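Engineer: This structure is in structure tokens; I'll ask about it shortly.
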Amino acid sequence: MASSSSFLAPSSTSILHSKKDVGLSALTSTSSISSQRCQKTGFRRICCSVAAPQQSQRQPSTTGSVKTAMTMTEKILARASEKPYLTPGDNVWVNVDILMTHDVCGPGSIGIFKREFGEDAKVWDREKLVIIPDHYIFTSDERANRNVDILRDFCQEQNIKYFYDIKDLSNFKANPDYKGVCHVALAQEGHCRPGEVLLGTDSHTCTAGAFGQFATGIGNTDAGFVLGTGKLLLKVPPTLRFVMDGEMPSYLLAKDLILQIIGEITMAGATYKAMEFVGTTVESLNMEERMTLCNMVVEAGGKNGVVPADSTTYKYLEDKTSVPYQPVYSDQQARFLSEYRFDVSKLEPLVAKPHSPDNRALARECKDVKIDRVYIGSCTGGKTEDFMAAAKVFLASGKKVKVPTFLVPATQKVWMDLYSIPVPGAGGKTCSQIFEEAGCDTPASPSCGACLGGPKDTYARLNEPQASFHAFVCVSTTNRNFPGRMGHKEGQIYLASPYTAAASALTGYVTDPREFLQ
Amino acid sequence: MAFTTTTPQNLTTFTTSSHKPKLPFSPSHSLTFPTHPNQTLTSRAISTAISTSTRIHSLFTPRATSSPSSSTTAAETTFHGLCYVVGDNIDTDQIIPAEYLTLVPSKPDEYEKLGTYALIGLPSSYATRFVEPGESKTKYTVVIAGANFGCGSSREHAPVALGASGAAAVVAESYARIFFRNSVATGEVYPLESEGRLCEECRTGDVVTIELKESKLINHTTGKEYALKSIGDAGPVIEAGGIFAYARKTGMIPSH
């Protein structure tokens with residue numbers, strides 16, 4: 001069964017080298033292993049003609065107290081479950097550092113919490129729960145408004161420390177506590193910290209993995225459980241490693257990188273797996289770009305995404321949190337399910353064509369696709385850096401957009417940045433000024449907006465197909481393009497980076513941003 | 001350490017309701033049939049079986065709103081009725097479009113409403129609707145799907161809508177993890193995995209029986225039988241009756 005000799009390979013600086021050594025000794029001592037097991041426990045390095053040999057599952061008991069290498073995801077979960085060592089597949093009760101919920105799933109989670117723990121039960125820790133209304137805010141839908149009220153009542157009853165409330169829907173600025181999109185707010189408010197476990201009732205909770213923590217989405221029932229106990233039963237995922245090296249070309253953004261990856265491994269390529277992003281390119285990304293990278297991990301089916309914390313992370317967190325944290329890193333000898341290597345200098349701007357995030361295509365190959373509108377917003381593409389990127393393209397062009405261009409800043413802070421931060425090379429102009437000159441819509445009230453359609457009166461929702469030969473075609477910086485995602489079932493959504501979205505707005509067709517950026 | 005850890009002892013301070021626990025997969029889920037499942041059912045027997053299945057679903061109070069779950073012994077469970085077939089990558093927006101997410105699943109009347117909208121997001125290429133317009137329940141007991149069923153959002157409204165509509169089980173080639181997890185945690189639909197592509201073997205309207213204990217699905221309309229995969233790690237949680245019941249059973253939180 002287990003081959004203890006396979007883990008006494010000489011240490012080296014190259015993962016591939018050590019894996020090869022490990023594999024050779026394993027081959028001599030193990031019998032034939034089915035290809036099925038090879039898939040699960042072997043190490044595969046993609047972009048290499050020779051596959052590394054298989055390894056069998058290791059039993060800790062056969063090597064006594066020798067601590068075995070773990071990936072950073074395994075380490076985070078091990079620490080959170082108070083276990084010295086974990087292997088992918090282990091089911092463990094994990095201590096939760098932060099639980100986030102919003103207006104769509106909060107009320108349901110609260111209902112389950114009360115049903116299971118009692119009407120008078122108290123949450124496990126009033127400081128570890130962050131409640132962020134963001135999905136259906138600026139609407140006249142009564143149930144949507146009621147759901148925010150439910151959150152408020154609960155927060156008052158429980159004396160919840162972090163509740164980013166909104167009461168005056170006619171003017172978001174009149175609400176000092178209101179933030180906006182939960183995943184961006186979590187980062188901006190310092191709730192994301194390396195080494196921690198963050199769970200949220202939203203699939204894009206994986207965004208927080210950009211901070212070197214374990215972050216994943218859960219449903220109402222699991223959240224109700226965490227509310228009462230501060231723990232959850234989680235299965236340790238194996239890790240897929242994505243190594244991106246090279247200088248980031250001036251026309252590419254993190255969105256292009258993740259679209260490349262999702263197109264590579266498909267929508268279920270990372271199901272039940274962790275996605276770890278390393279390499280010189282990743283290291284060169286700022287925090288918001290890293291967030292974009294981790295944000296769409298779920299679109300590949302991924303359980304969580306991680307970027308190792310570094311000086312960029314610490315700098316970002318400096319003025320945001322005073323809670324001590326302890327980053328973790330994958331061990332040299334950690335086992336990865338597969339490794340994918342990308343030379344980013346060879347990549348080009350991409351889109352995900354309707355109706356799937358893995359329907360990858362080169363933006364330049366879609367230049368004959370006429371579009372009806374552009375949407376720049378959401379946790380994926382509505383952060384300050386995303387708007388700065390779009391502004392850069394509008395600035396380079398100097399022309400006006402040819403289609404309605406909707407701008408929805410993710411949070412209040414992003415909105416304020418649009419109106420205050422000068423865009424580099426723009427002679428002091430802010431994003432908002434550049435957007436106005438380009439003829440874009442005025443930046444809207446910060447929220448999730450039309451990313452997921454929402455109530456019918458949601459700003460920029462895709463409501464009617466065009467009264468012409470084709471349905472509504474929208475180029476969007478959001479994360480999903482399934483049928484009906486932004487409203488109407490026949491809407492055609494092309495997912496793209498802010499560069500590509502802005503370029504497309506300027507031409508009225510899906511456009512490679514190199515048309516303007518080189 | 002960057003965070004405090006709680007010990008199991010802390011968890012016992014939570015009080016629980018004194019309601020009699022309602023279990024999603026209690027023994028009363030098993031259905032008795034007029035004929036042996038392996039025989040071809042006559043059309044009269046089929047309609048009896050279908051109406052029985054529909055009646056039993058409506059007998060239970062909505063699972064999401066019922067009193068707290070608790071542990072029980074493993075149940076012999078059989079599902080029988082019509083199947084509804086969908087393709088690959090059916091995402092949560094198709095299972096329950098975002099505009100309906102203002103409905104709160106833990107509220108009984110809104111739970112019922114969610115059921116009305118189950119799979120309403122499927123494109124118009126699906127001529128037969130899962131829930132007929134004007135109806136509040138589905139006539140299909142089992143959803144048969146391709147790969148990556150339930151991908152997309154973490155919205156628990158998805159398995160809840162399916163369960164509230166009256167469906168009992170999904171048999172998919174594979175699942176997206178959050179949807180699978182939510183199905184297990186809520187007990188709303190039993191998430192089974194097929195060996196192979198049942199979505200190509202079955203047609204909407206076929207009469208099927210799922211024998212959980214034997215891990216098989218019988219298509220009475222075609223006369224074929226198919227193996228189902230073992231439920232795996234989720235087994236103990238499902239058998240206990242969901243995450244809360246499992247936690248009580250294993251002593252993680254106090255029992256009633």
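Engineer: Counting Lys and Arg as +1 and Asp and Glu as -1, what is the net charge of the other residues whose Cβ lies under 9 Å from the Cβ of residue A:264?
Structural biologist: Local net charge: 0.
Engineer: Can you bin the range A:211-327 into rounded, prolate or oblate? Criterion: square roots of the alpha carbon gyration tensor eigenvalues sorted a ≥ b ≥ c, rounded for a/c under 1.5, prolate for a/b above b/c, oblate for the rest.
Structural biologist: oblate
Engineer: For the range B:78-230, what is one quarter of the convex hull surface built on the Cα atoms, given in nm²?
Structural biologist: 8.1
Engineer: Relative contact order of the range A:69-236: what whole-number percent is it, with Cα pairs under 8 angstrom and at least 6 residues apart?
Structural biologist: That works out to 33 percent.
Engineer: Quick check: convex hull of the Cα atoms in the range A:393-459, volume per residue, rounded to a whole Å³?
Structural biologist: 88
Engineer: Using the Cα centre as the reference, give the magnitude of the dipole from point charges on the C-beta atoms of chain A (Lys, Arg: +1; Asp, Glu: -1; all else neutral), rounded to the nearest 20 debye.
Structural biologist: 1140
Engineer: Further question on the same structure: In nm, what is the difference between 0.36 nm times the number of residues separating residue A:120 and residue A:167 and their Cα-Cα distance?
Structural biologist: Contour length minus Cα-Cα distance gives 14.4 nm.
Engineer: Quick check for you: which residues of the range A:383-398 have the amide N under 17 Å from the point 7 Å beyond the Cα of residue A:429 toward its beta carbon?
Structural biologist: A:387-398
Engineer: Then there's this: At a cut-off of 50 Å², which residues of the range A:102-117 become less accessible once all protein chains are present than in their chain alone, using a 1.4 Å probe?
Structural biologist: By number: A:104, A:115, A:116, A:117.
Engineer: Lys/Arg Cβ at +1, Asp/Glu Cβ at -1, dipole of the range A:69-236 taken about the Cα centre: which of A:94, A:201, A:175 is farthest positive-ward?
Structural biologist: Looking along the dipole axis, the top candidate is A:94.
Engineer: Here's something else I'd like to know. Quick check on chain A: helices-only [θ] at 222 nm, where DSSP H runs of length 4 and up contribute -39,500 (n - 2.57) each and the sum goes over total residues. Nearest 500, please.
Structural biologist: Value at 222 nm, helices only: -9000 deg cm²/dmol.
Engineer: Cross-link candidates for residue A:320: which aspartates and glutamates have Cα within less than 20 Å, leaving aside residues fewer than 8 places away along the same chain?
Structural biologist: Filter leaves A:97, A:127, A:165, A:177, A:189, A:196, A:288, A:289, A:310, A:385, A:417.
Engineer: Give, rounded to the nearest 20 debye, the magnitude of the charge dipole that the range B:78-230 has about its Cα centre when Lys and Arg contribute +1 at Cβ and Asp and Glu contribute -1 at Cβ.
Structural biologist: The calculated dipole for the range B:78-230 is roughly 140 debye.
Engineer: Cα centroid distance between the range A:307-340 and the range B:79-118, in Å?
Structural biologist: Centre-to-centre (Cα) distance: 38 Å.
Engineer: Okay, moving on. Given a 1.4 angstrom probe, I'd like the percentage of the accessible area of the range B:78-230 that is carbon and sulfur, rounded to a whole number.
Structural biologist: Taking all protein chains in place, the range B:78-230 shows 46 percent carbon and sulfur surface.
Engineer: If I model the range A:349-515 as equal point scatterers sitting on the Cα atoms and use the Debye formula, what is log10 I(q)/I(0) at q = 0.13, 0.17 Å⁻¹?
Structural biologist: Debye intensities relative to I(0), on a log10 scale: -0.53, -0.92.
Engineer: Quick one: check the C-alpha center-to-center distance for the range A:180-254 versus the range A:413-450, whole angstrom.
Structural biologist: After rounding, the separation between the Cα centres reads 27 Å.
Engineer: In terms of the ratio Rg/(2.2 N^0.38 Å) built on C-alpha atoms, what value belongs to chain A?
Structural biologist: With N residues counted in chain A, Rg over 2.2 N^0.38 Å equals 0.99.
Engineer: Further question on the same structure: How many nm separate the modelled label positions at residue A:365 and residue A:437, each set 7 Å beyond the Cα in the direction of the Cβ?
Structural biologist: The two pseudo-label positions are separated by 3.6 nm.
Engineer: Right, here's the next one. Once you have the Cα-Cα distance between residue A:159 and residue A:321, take 0.36 nm times their residue separation minus that, and quote the gain in nm to one decimal.
Structural biologist: 56.2 nm
Engineer: If contacts are Cα pairs under 8 angstrom and at least 6 residues apart, what is the relative contact order of the range B:121-256 in percent?
Structural biologist: 18
Engineer: Counting only protein heavy atoms and rolling a 1.4 Å probe, how much accessible area do B and A lose on contact, total for both sides, in Å² to 100?
Structural biologist: Accessible area lost upon association: around 5200 Å².
Engineer: Then there's this: Sticking with the crude label model, points 7 Å out along Cα→Cβ, report the distance from residue B:129 to residue A:280 in nm, one decimal please.
Structural biologist: For residue B:129 paired with residue A:280, the spin-label model returns 5.8 nm.
Engineer: Remind me, relative contact order of chain A in percent, using alpha carbon pairs under 8 angstrom and six or more residues apart?
Structural biologist: After rounding, I find 15 percent.
Engineer: Tell me the net charge near residue A:152. Cut-off is 9 Å between Cβ atoms, residue A:152 excluded, with +1 for each Lys or Arg and -1 for each Asp or Glu.
Structural biologist: Cβ neighbours under 9 Å give a net charge of -2.
Engineer: Testing the spin-label approximation: label points 7 Å from Cα along Cα→Cβ at residue A:419 and residue B:213. State their distance in nm.
Structural biologist: 6.8
Engineer: Give, as a single signed number, the net charge of other residues whose beta carbon lies under 14 Å from the beta carbon of residue A:114, with Lys and Arg counted +1 and Asp and Glu -1.
Structural biologist: -2
Engineer: Quick check on the range A:69-236: take the gyration tensor over C-alpha atoms, sort the square-rooted eigenvalues as a ≥ b ≥ c, and tell me if it's rounded (a/c under 1.5), prolate or oblate.
Structural biologist: prolate
The values are calculated or read from the model by the stated rules, or taken from the named source; none is laboratory data. Every value quoted in this text rests on a predicted model; they were computed, and no experiment measured them. Every residue, glycine as well, gets a Cβ built from its backbone with ideal geometry; the counts of neighbours run over all protein chains shown. With ligands, DNA and RNA removed, areas are computed over all heavy atoms of the protein, side chains included. Shrake-Rupley method; radii C 1.70, N 1.55, O 1.52, S 1.80 Å.
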